[in-house]
Each structure stands twice: as C-alpha cells, then as structure tokens.
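Working notes, beginning with the structure itself.
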Amino acid sequence: MENPLFLTIHGHFYQPPRENPWTGLVERQESAAPHHNWNDRITDQCYSPNGASRILSSHGRIEKLVNNYGYMSFNIGATLMGWFRTQRPDVYSRIREGDMLSMERLNGHGNAIAQVYNHIIMPLASEQDKHTQIRWGKRDFEFHFNREPEGMWLAETAINMDTVVALIKEGIKFTILSPKQAQAFRPLTSGSVSGWTGCSNVSIDTTHPYRIIPRDEKESA
C-alpha cells in the first residue's frame with residue numbers, strides 16, 4: 001500500500017470523585033437517569049464499549065469484538081480507575097488487558113500512561129506539590145498496571161519549564177501537548193539561535209516527538 005495513513009488517538013479518561021465522603025458510595029444522581037449515577041452512565045456509553053468494540057459486516061452483523069484499549073494511547077485518572085476496580089471489575093479487567101496486549105505488540109511499551117494524581121494545574125503548583133502529584137500518579141499507575149509509566153498526562157496539558165524539570169527528575173520520559181503550545185523548534189544538531197523555526201501558526205510537524213530541553217525561564221525572558 002502506497003502512502004499509508006496513520007492515525008493516533010489518545011483517550012483522556014477522568015471523572016471527579018462522586019462518592020459521599022461519609023459512606024464512600026456514589027449516591028443517585030437524577031440527571032444521569034436512567035442510570036444510577038454519572039459514573040454508571042458514562043461507563044456504559046463510553047468506557048465499557050471501548051473494551052469490546054463491535055466490528056460489523058456489510059450486513060450489520062457482528063464479526064469481531066476488539067479491545068480498543070490495546071490500540072489507542074490512553075490515561076485514566078486515579079478516582080475513575082479506583083471506581084472501576086471496585087464497581088465495574090469487568091471494565092477494569094478489559095482496560096488492563098488492553099495495556100498488556102499493546103505491550104506484546106509494541107515490544108514492551110504499553111498504551112497506558114500515567115496522570116498527575118489530582119488533576120491539578122501543574123504550573124500553578126508549588127515545587128513540592130509538583131513532585132507529590134507526579135509521584136502519587138506514578139504509584140497509582142503501578143498499582144493498577146503492574147509496571148512503571150513511561151509517559152504522564154498533565155491536566156489541561158498545562159506545562160511550564162518547572163513542570164518539565166519535575167517530570168524529568170521523577171523519571172517520566174514524555175507527555176502529550178497541543179501543537180498550539182509550541183513556540184519554536186529546531187533540529188537537535190543545530191546549536192545556533194538562527195536554527196529556530198517559529199510555529200505560532202501551528203506549522204509544526206506532529207508526526208514525530210520533540211525533546212524539551214529545560215532552560216531558566218527568568219534568564220530567557
């Protein structure tokens with residue numbers, strides 16, 4: 001096949017804690033009817049179907065069931081993943097299975113990535129809180145997926161150089177950003193200032209990763 005088309009999808013799956021702090025249970029939410037609560041409703045409409053996606057024939061009959069988590073990049077917030085584990089173990093198992101299938105297919109690199117623990121806006125956090133969020137996010141990921149994360153999702157993809165440094169210090173290898181967040185880029189082999197190409201018009205090639213080299217924001221301002 002000439003000039004094949006490749007598409008990368010990342011699923012950012014997160015729900016805030018809905019449990020009553022006194023009972024530890026999610027109470028009935030009328031707006032989620034006919035389901036008991038919004039966790040139940042979104043799980044049945046999104047998270048569960050992605051674990052067993054239907055491949056239909058030309059006649060509309062089911063030919064195959066596919067675990068989409070094995071073919072897409074994704075992260076799941078700690079509150080939601082914990083809820084899956086206790087309330088929907090069927091979905092929990094398919095999510096973990098998807099990551100294991102991707103590891104088999106991608107030479108040990110799983111599709112799942114970690115997430116900062118409390119969905120905090122990292123540039124607004126103190127240095128201590130940055131490291132706490134990353135460490136807790138890593139430990140939660142390791143608990144559910146039995147491996148260390150390579151990447152980490154940042155809430156709202158918010159980032160600054162201090163966050164970059166914290167991620168590096170905690171052993172995180174990559175994160176996912178919008179092309180609109182890039183100001184300029186250059187080849188790693190170019191050491192000159194003139195080697196930079198501005199990309200304010202989002203003219204950055206998104207088909208390969210970029211390395212962020214930390215710098216002192218005050219000195220570069």
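Every number here is computed from the coordinates shown, using simple stated rules; none is lab data. The model shown is predicted, which means the values in this text are computed figures rather than measured ones. Glycine gets a Cβ as well: all are built from the backbone with ideal geometry, and neighbour counts include every protein chain shown.
Kindly put D90, D162 in sequence by how many other C-beta atoms sit within 10 Å of each C-beta, fewest to most.
Values: D90 12, D162 16.
Going from least to most buried by this count: D90, D162.
Go from 0 up to the bin containing the longest alpha carbon distance in region 29-90, width 10 Å each, and give me the % of pairs per bin.
19, 42, 28, 10, 0
Give the Rg/Rh ratio for region 94-212, taking Rg as the radius of gyration of the Cα atoms and Rh as the Kirkwood radius, to two decimals.
On the way: Rg = 16.0 Å, Rh = 15.8 Å.
Reported Rg/Rh, Kirkwood definition of Rh: 1.01.
In the chain, how many lysine pairs have Cα atoms under 29 Å apart, counting only pairs 8 or more places apart or on different chains?
Eligible lysine pairs with Cα atoms under 29 Å apart amount to 12.
Roughly speaking, what is the centre-to-centre gap between region 48-99 and region 109-172 when only Cα atoms are used, to the nearest Å?
Each part reduced to its Cα centre gives a spacing of 24 Å.
How are the alpha carbon pair distances in region 1-66 distributed across 5 Å bins from zero to the largest one, expressed in percent?
Reading the bins upward from 0: 3, 12, 14, 16, 15, 14, 9, 7, 5, 3, 1, 0.
Residues with amide H under 5 Å of V116's amide H, sequence separation 5 or more or different chain, H placed in the peptide plane at 1.01 Å from N; which?
Sorted by chain and number, the residues that satisfy this are W153, A155.
Averaging sequence separations of C-alpha pairs under 8 Å and six or more residues apart, then dividing by the length of the chain, give the relative contact order as a whole percent.
The value is 13 percent.
Just from its helices, what would the mean residue ellipticity at 222 nm be for the chain, if runs of 4 or more DSSP H residues each count -39500 (n - 2.57) and the sum is divided by every residue, rounded to the nearest 500 deg cm²/dmol? Display every interim value, and only then the final one.
Numbers: 7 runs with 68 residues, N = 221.
Here the helix-only value at 222 nm equals -9000 deg cm²/dmol.
Using θ = phi - 60° and the Karplus curve 6.51 cos²θ - 1.76 cosθ + 1.60, what whole-Hz ³J(HN,Hα) does each residue of region 23-36 get, with Gly and Pro shown as x?
9, x, 10, 7, 7, 5, 10, 4, 5, 8, 3, x, 7, 5
Once you have a ≥ b ≥ c as the square roots of the Cα gyration tensor eigenvalues for region 11-177, tell me rounded if a/c is under 1.5, and otherwise prolate or oblate according to whether a/b is larger than b/c. Numbers along the way, then the final one.
On the way: a/c = 2.18, a/b = 1.28, b/c = 1.70.
Oblate, since a/c reaches 1.5 and b/c is not below a/b.
What is the fewest-to-most order of L25, L101 by other Cβ atoms lying within 10 Å of their Cβ? Please list the in-between numbers first.
Working: L25 10, L101 16.
Final ranking by Cβ density, sparse to dense: L25, L101.
Pop out the ³J(HN,Hα) list for region 201-208 in order, Karplus 6.51 cos²θ - 1.76 cosθ + 1.60 with θ = phi - 60°, rounded to Hz; leave Gly and Pro as x.
8, 6, 8, 10, 6, 9, 8, 8
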